[in-house]
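One structure is given here, and the rest of the page talks about it.
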Amino acid sequence: MALYTITASRSVTLGDTGEFLTAGAVGGVVHDPGYPLYTLFLHFVYNIPFLNSAFALNWTSALFGAITLVLVYKITYALTKNRAVSIFSSFAFGTYEFFWFYSQVVQVHIFHVFLLSFLYYFLVKLLITKNLKFLYLAGLTLGLGAVHSQTIIFAIPSFLLTLFYIRKSLSLKKLLTLTPFGFVGLLSYLYIPLASAREPLMNWGGVNTFQDLLFIMFRGHYGTFNLTAYSVDAPYSYSSFFFYFTSLIKTNWYILIPAVFSLLILKKHEKKYYLFITGFLLMGPFYYYLMDQRALTVTHLALMDQYIPYSFLFISIFAGVGAQQIFLKLKITNKSFLYLLLFPLVLYPLVTNFQKVRLDNNYLLENTTRFIFSELPRNSVILTGGDGLYFPGMYLQSIHKLRLDIAMVQLGQLSPWYEYQLQYHHPQLNGFVSNSKFDFKKACNELAASNLLYVYPWFVEFNDLFGDKCEVIPYGMVAKVVLKEKRPQLEQIKKFNDQEFNKFTKTVDYKQFLNSSTRTRQAFFDLAEHVNTRGLYYQKKGKNEWARQEYRLSANISQDESYALSNEAAFYFYNGDYKRSINLMKQAAKRAQLNPRVFYGLAFAYGKIGEEDKAYDNFIKYLEFEPVNDPQYKLILQFVKDYEAKKLQPKSTLTNF
């Protein structure tokens, strides 16, 4: 508890943290399924005197995390009757990178693990004591978990298995008595329509009717049975499944050894142990199999690693059980010696993860958002396609009351309820948003003409949305929409952007956090993507050396940025420096192993230096992405066909690309 309090975030991080900080402060409604129990608790904490701060709300996760570790100890002790290995299990879970990280920020995941640990503790106690009060407590916890997150359904088989094991102690009357306990949690859903009626700043779904409430309860905005908002095609299929196992091996191989060994004693522990095997399989491998999320960028990795603590809860318990069996096999019974042997396994993740996950000194996202806000004139409108600015901006506006004049429009949320919210809180947007669409051309004519229209993050897709009269140009840490007739000279644009970035680096020490956890790395990635797009703008304007400098800067900002490296590689390719191009493409491949542009660039570069075997290998990898819209698609297929038929004349096809 003390450790989590020391390292807990004092600010906002990427992900949904800004959303929950805002909802906790204003008593708002968050995204599906609404998380009413959790949000209500946050709002209660925020209204306690002296606790109305981001740190207090983030600290609630530290509280839930610490209680979870106590329960891990109790569960492991119930299975082993060994204090040393029970402490080991608790510390192994507590210092696990992703559990530790999310125990420092206001997020739903640690609260979910908190409920899971209570559920399995009650189930174990029920099997041991046959006391039915633990059955009712387990039913209550299961019901609360269902209100909080639908992923609790993966714990239902363990619950049913427990009922089967104690079936001789049950009767129909006792099962009927259990039912009300499971539905108590539903009362917390009354919070959503009551909160929504007050029109808070964060009011997801605009719940006004019972139908609206059911829609948000069953995750209607995402799809009731979808674990991710994205559809994934080959070769990304099941990349989340493989990510899960590789992540465990890379970060916790030393914990996995005793955990795997524990599988050898299934028969000995029988009933109690099978509960955890069932939970692990469903919330670990099976969950990530169903998720089917691409693992291309650090943003995707951050989306996936937040769920790993669900199953690592069981792995930590397995590790304690396995450690006990190893010690018994080796006939090590001296308690002091046991603690001595286990101490390095506890100390290692504590030391290696401390700097990576600590957030007490991390104001990166808040300071970046503050800097962006400082660049904007009063009554600006900023269009965003993601949560990287939107949620941190909401946090600053709700808790710090900063720049309430700025209207942020999350284009990915445009819908009737969101349209109403925008116009309610920002009347200046009336006429720009209608029928769940943003009128880009009207915004060009009116907002851009008044220097009030901006974009962040800046993707090339934005460039053609505003019609022929407007152009999107780099403007410091954002992009600005300007009338083409009033666009500054390129040299002026370049000078201003260089000055703003130098000013930004003096305000935000981003280099301090380069080796942080994925959520912090995601912030760097978003920043690097913006700089990369700036390079693409310069390249389109014929300023290739300026563009190369931006690509290099982008690649240096984020260790996960592969697009900038591939763009820089293309610069050297078109200048005839094929070997340097290949070297940069290889670096890009290490950063993003499933980036099709890397294989595409490598294939052409190898072809240019006459290494057709390597060109063929990379074209094969590129074709796995089914790039049917690529203008070179037919030519690539012909090259592959000729190569496989052993009819390829050296360089004859490639030099014409």
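The values are calculated or read from the model by the stated rules, or taken from the named source; none is laboratory data. Predicted model only: the values in this text are computed from it and were never measured. Using ideal geometry, Cβ is built from the backbone for each residue, glycine included, and neighbour counts are taken over all protein chains shown. Quick note on the areas: whole protein, heavy atoms, side chains included, nothing else; ligands and nucleic acids left out. Shrake-Rupley method; radii C 1.70, N 1.55, O 1.52, S 1.80 Å.
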* Scan Tyr288, Tyr244 and give me the residue that is at pLDDT 70 or above, in contact with a Pro (Cβ under 8 Å, 6 or more places away or on another chain) and in a helix (DSSP H, G or I). => Tyr244
* Asked: Within the range 529-561, how many residues are of a type outside the set (A, V, I, L, M, F, W, C), modelled with pLDDT under 90 and either open to solvent by less than 10 Å² (accessible area, probe 1.4 Å) or not in a helix (DSSP H, G or I) (or both)?
  -> 5
* Restrict the check to the range 451-460 and report whether at least one residue is out of contact with any Asp or Glu (no Cβ under 9 Å at 6 or more places or on another chain), modelled with pLDDT of 90 or more and not in a helix (DSSP H, G or I). => yes
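So that you can scan it fast, the table gives a plain yes or no per residue for (1) surrounded by 16 or more Cβ atoms within 10 Å (Cβ to Cβ); (2) over 19 Å from Ile249 (Cβ atoms); (3) in contact with a strand residue (DSSP E or B) (Cβ under 6 Å, 6 or more places away or on another chain); (4) touching a residue at least 60 places away in the same chain (Cβ under 8 Å):
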{"site": "Ile315", "(1), (2), (3), (4)": "yes, no, no, yes"}
{"site": "Gly320", "(1), (2), (3), (4)": "yes, yes, no, yes"}
{"site": "Gln324", "(1), (2), (3), (4)": "yes, yes, no, yes"}
{"site": "Leu330", "(1), (2), (3), (4)": "no, yes, no, no"}
{"site": "Thr333", "(1), (2), (3), (4)": "no, yes, no, no"}
{"site": "Leu342", "(1), (2), (3), (4)": "yes, yes, no, yes"}
{"site": "Leu345", "(1), (2), (3), (4)": "yes, no, no, yes"}
{"site": "Pro349", "(1), (2), (3), (4)": "yes, no, no, yes"}
{"site": "Gln355", "(1), (2), (3), (4)": "no, yes, no, yes"}
* Structure fact -> Taking the range 117-136 and keeping only residues that are closer than 30 Å to Ile192 by Cβ, open to solvent by 10 Å² or more (accessible area, probe 1.4 Å) and in contact (Cβ under 8 Å) with a residue 40 or more places away in the chain, one is left with Phe118, Tyr121, Tyr136
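Restricted to the range 384-403, and to residues that are of a type in the set (A, V, I, L, M, F, W, C) and under 15 Å from the mean Cα position of the chain (by Cα), which residue is nearest to Leu42 (Cα to Cα)?
Looking at the filtered set, the residue picked out is Phe391.
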* To do: Could you list, in sequence order, all residues of the range 383-404 that are assigned to a helix (DSSP H, G or I) and of a type in the set (Ser, Thr, Tyr)?
  => Tyr390, Tyr395, Ser398
* **Residues that are small (Gly, Ala, Ser), open to solvent by less than 10 Å² (accessible area, probe 1.4 Å) and assigned to a helix (DSSP H, G or I), drawn from the range 85-116** => Ser86, Ser89, Ala92, Gly94
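Residue-wise test of (1) assigned to a helix (DSSP H, G or I); (2) among the aromatic types (Phe, Trp, Tyr); (3) buried (at least 21 other Cβ atoms within 10 Å of the Cβ).
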position	(1), (2), (3)
Lys480	no, no, yes
Glu485	yes, no, no
Ile493	yes, no, yes
Phe496	yes, yes, no
Asn502	yes, no, no
Lys506	yes, no, no
Thr520	yes, no, yes
Leu527	yes, no, yes
* To do: Could you identify the single residue in Ala570, Ala592 that is open to solvent by less than 70 Å² (accessible area, probe 1.4 Å), closer than 30 Å to Asn361 by Cα and among the small types (Gly, Ala, Ser)?
  => Ala592
* Asked: Within the range 525-552, how many residues are without any contact (Cβ under 8 Å) to a residue 40 or more places away in the chain and touching a helix residue (DSSP H, G or I) at 6+ places or on another chain (Cβ under 7 Å)?
  -> 11
* **Single match in Asn435, Asn445, Asn451, Asn430 (criterion: touching a residue at least 40 places away in the same chain (Cβ under 8 Å) and either open to solvent by 50 Å² or more (accessible area, probe 1.4 Å) or touching a Gly at 6+ places or on another chain (Cβ under 8 Å) (or both))** => Asn451
* Structure fact -> Condition set touching a Ser or Thr at 6+ places or on another chain (Cβ under 6 Å) and free of Cβ contacts under 8 Å to residues at least 24 places away in the same chain, scope the range 59-84, selection surrounded by the fewest Cβ atoms within 10 Å (Cβ to Cβ): answer is Tyr77
* Residue identified as modelled with pLDDT under 90 and surrounded by 14 or more Cβ atoms within 10 Å (Cβ to Cβ) among Glu626, Glu611 -> Glu611
* Structure fact -> By residue number, the members of the range 405-452 that are in contact with a strand residue (DSSP E or B) (Cβ under 7 Å, 6 or more places away or on another chain) and charged (D, E, K, R) are Glu419
* Looking only at the range 359-381, and only at residues there that are touching a residue at least 60 places away in the same chain (Cβ under 8 Å) and of a type in the set (Phe, Trp, Tyr), the one that is farthest from Gln499 (Cα to Cα) -> Tyr363
